[in-house]
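Read through the structure below, which is laid out as structure tokens, and then see the notes.
The values are calculated or read from the model by the stated rules, or taken from the named source; none is laboratory data. Nothing here was measured: the structure is a model prediction, and the numbers come from that model. Cβ sites come from the backbone with ideal geometry, for glycine too, and all protein chains shown count toward neighbours. Remember, those area values only see protein heavy atoms, side chains included, never the ligands or the DNA or RNA. Shrake-Rupley method; radii C 1.70, N 1.55, O 1.52, S 1.80 Å.
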Amino acid sequence: GHGIPGALMTMLAGSAFKRIAQKDHYRSPAQILISLNSVVKTSLYPEDRPARTDDGMDAGICFVNTKTQSLTYAGAKIPLIYFTDNALFILKGDRQSIGYKNANTDFDFTNHQFPIQSDMSFYLSTDGIADQTGGPKRFPFGNRRFHALLKDIWRRPFDEQKLRIMESYLKWKGN
């Protein structure tokens, strides 16, 4: 829904992410977000040129350690949604986006680490579903509706969850 600027941001961020993630010294999601913020901002807004736009993005990254059964998450405004003990939890990302003109390149993103239990499910999502307008009054789908959908399906196989999310999204979107 963001058109050409969104596509260009995706290509720039994807390329930067691949380069950053291939370096061995990045051992945490927060370190990757710090580097990604710097690379994207300096690519889009060199100090020697005035900026005509203000583009950037939100991101969330998880590392899963299967040996220690732990998850480490860091987010740039993207929350980690997870379920355990039949309850939904939302771990908010830091209130800092990636790459925007006024983004602080010295910002230290926060790692959150916790043990993984066998009855847990994890979700990272952009605002694309929540912002989709539709329904009878052409309102956004919204986070409340999205979280209710996740509460309804989180114990199902992920292939089925994907189908249910897509069905709900398309039904809400309508024509």
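Sum -39500 (n - 2.57) across every DSSP H segment of at least 4 residues in the chain, then divide by the residue count to get the 222 nm mean residue ellipticity, nearest 500.
-11500 deg cm²/dmol
From the square roots a ≥ b ≥ c of the eigenvalues of the alpha-carbon gyration tensor of the stretch 54-94, which class results: rounded (a/c under 1.5), prolate (a/b over b/c), or oblate?
Oblate.
Leaving out same-chain residues fewer than 8 places away, which lysines sit with a Cα under 22 Å from that of LYS23?
Within the straight-line cut-off, LYS23 pairs with LYS41, LYS67.
Considering only DSSP beta bridges whose two residues both sit in the stretch 36-175, what percent are antiparallel, to the nearest 5?
Expressed as a percentage, antiparallel bridges in the stretch 36-175 total about 90.
For the pairs LYS77/LYS162; LYS18/LYS151; LYS101/LYS173; LYS18/LYS101; LYS151/LYS173; LYS77/LYS137, note any where the Cα-Cα span goes beyond 25 Å.
LYS18/LYS151; LYS101/LYS173; LYS77/LYS137
Give the accessible area for LEU88 in Å² (nearest 10); use a 1.4 Å probe, count only protein heavy atoms, and leave out ligands, DNA and RNA.
50 Å²
So for each of 63-71, 39-47, 76-84 I average, over its residues, the number of other beta carbons within 10 Å; can you give me the resulting order with the highest mean first?
Answer by packing, highest mean first, reads 76-84, 39-47, 63-71.
State, to one decimal in nm, how far the label point of GLU167 lies from the label point of PHE114, with both points 7 Å from Cα in the Cβ direction.
3.0 nm
Give me the distance in nm between label points sitting 7 Å out from Cα along the Cα-to-Cβ direction at ASN104 and LEU91, one decimal.
2.2 nm
Please turn the phi angles of the stretch 96-102 into ³J(HN,Hα) values with the Karplus equation 6.51 cos²θ - 1.76 cosθ + 1.60 (θ = phi - 60°), one per residue in order, whole Hz, x for glycine and proline.
Those phi angles translate into 9, 8, 9, x, 4, 3, 9 Hz.
If you compute Rg and Dmax of the Cα atoms in Å for the structure shown, which of (1) 17.8, 53; (2) 18.2, 66; (3) 20.0, 60 do you land on?
(1)
Hey, with R₀ at 25 Å, roughly what FRET efficiency would PHE63 and ASN143 work out to, going by the Cβ-Cβ distance, to 0.05?
0.50
Using modelled backbone amide H atoms (1.01 Å from N, in-plane), which distant-in-sequence or interchain residues come within less than 5 Å of GLN96's amide H?
Those qualifying (amide H under 5 Å, at least 5 residues apart or on another chain) are LYS77.
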